[in-house]
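To start, the structure itself, in structure tokens.
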Amino acid sequence: MKKEKKMKKLAILLAVLGGTAGAQQPPADPDPGLKTLTQVCIVCRDVDACSKRWAAALGVAPPVIRTTKPGPEVKELYRGKPSTGQARIANIRLGQVTLELMEPVGPDTSWKDVLDQKGESVHHIAFSVQDVDKTVKRFESLGMPVWHQGRFDGDNGTYTYMDGTHSLGVIVELLHTEGPPKKQ
């Protein structure tokens, strides 16, 4: 049993590194955006209370809380199907990294699934990538499928959650900005 666990861990490590026999190799030149972590997100049951606790712990003013547009308005897909999900979000800027606190609103999102399965916990880490399609293919070739995706509320970019929970221990979000927010 111990040997099987070691072999499984080795296989996962080799898959992440792209070194398993017969495995499709990821593109050799990863997106430069993968070199800089831009966000850590924690899902919570009550973003108002959670943001006050974090603000007090960090010694900053409580952040503004906003509610995202409904899923259909931002072309949100969850597990490949249209979602009506929304979230209440508070962001605390900490140098180059933003701490995002997120309360799911409604069903059919990875936010709700993670909160239901793990309780208040880290949902994802995020990177701002330049070529989202190429980077999605890279992660898919490493066995991390797209789990949840949509457009920013300002319709000026996309978010794509890659399911890295089994191989990396966390969901990876790929953020891609196309320019300034579009007029509403």
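Numbers for the structure displayed
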{"quantity": "Candidates GLY157, GLY164 - the one that is buried (at least 20 other Cβ atoms within 10 Å of the Cβ) and without any contact (Cβ under 8 Å) to a residue 60 or more places away in the chain", "calculated": "GLY164"}
{"quantity": "Residue check for THR84: on the phi < 0 side of the Ramachandran plot and under 16 Å from the mean Cα position of the chain (by Cα)", "calculated": "no"}
{"quantity": "From the options ALA61, ALA55, residue that is surrounded by 15 or more Cβ atoms within 10 Å (Cβ to Cβ), at pLDDT 95 or above, of a type in the set (A, V, I, L, M) and farther than 23 Å from GLN117 by Cβ", "calculated": "ALA55"}
{"quantity": "Criterion (within 20 Å of PRO145 (Cα to Cα), of a type outside the set (Val, Ile, Thr), open to solvent by 20 Å² or more (accessible area, probe 1.4 Å) and touching an Asp or Glu at 6+ places or on another chain (Cβ under 9 Å)) met by exactly one of ARG66, ARG79, ARG88", "calculated": "ARG79"}
{"quantity": "Test: VAL172 is at pLDDT 95 or above, β-branched (Val, Ile, Thr), open to solvent by less than 40 Å² (accessible area, probe 1.4 Å) and at negative phi", "calculated": "yes"}
{"quantity": "Among the candidates PHE139, PHE152, residue that is over 12 Å from the mean Cα position of the chain (by Cα), touching a residue at least 24 places away in the same chain (Cβ under 8 Å) and either under 30 Å from ALA57 (Cα atoms) or surrounded by fewer than 20 Cβ atoms within 10 Å (Cβ to Cβ) (or both)", "calculated": "PHE152"}
{"quantity": "Odd one out for GLY179 among (1) open to solvent by less than 30 Å² (accessible area, probe 1.4 Å); (2) touching a residue at least 24 places away in the same chain (Cβ under 8 Å); (3) not polar (S, T, N, Q)", "calculated": "(2)"}
{"quantity": "Some residue of the range 90-101 being under 19 Å from CYS41 (Cα atoms), part of a helix (DSSP H, G or I) and under 14 Å from the mean Cα position of the chain (by Cα)", "calculated": "no"}
{"quantity": "Test set (1) within 13 Å of VAL170 (Cα to Cα); (2) hydrophobic (A, V, I, L, M, F, W, C); (3) open to solvent by 30 Å² or more (accessible area, probe 1.4 Å) - VAL105 fails condition number", "calculated": "(1)"}
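Conditions (1) without any contact (Cβ under 8 Å) to a residue 24 or more places away in the chain; (2) within 22 Å of ASN156 (Cα to Cα); (3) not in a strand (DSSP E or B), marked per residue:
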site	(1), (2), (3)
THR38	no, yes, no
ARG53	yes, no, yes
GLU103	no, no, no
ASP108	no, no, yes
TRP111	no, yes, yes
GLN117	yes, no, yes
VAL122	no, no, no
PHE127	no, yes, no
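The values are calculated or read from the model by the stated rules, or taken from the named source; none is laboratory data. Computed from a prediction, not measured in an experiment: that's the story for all the values here. Here the Cβ is made from the backbone with ideal geometry for all residues, glycine too, and neighbour counts use every protein chain on show. Just so you know, the surface numbers come from the protein's heavy atoms only, side chains and all, with ligands and any DNA or RNA stripped out. Shrake-Rupley method; radii C 1.70, N 1.55, O 1.52, S 1.80 Å.
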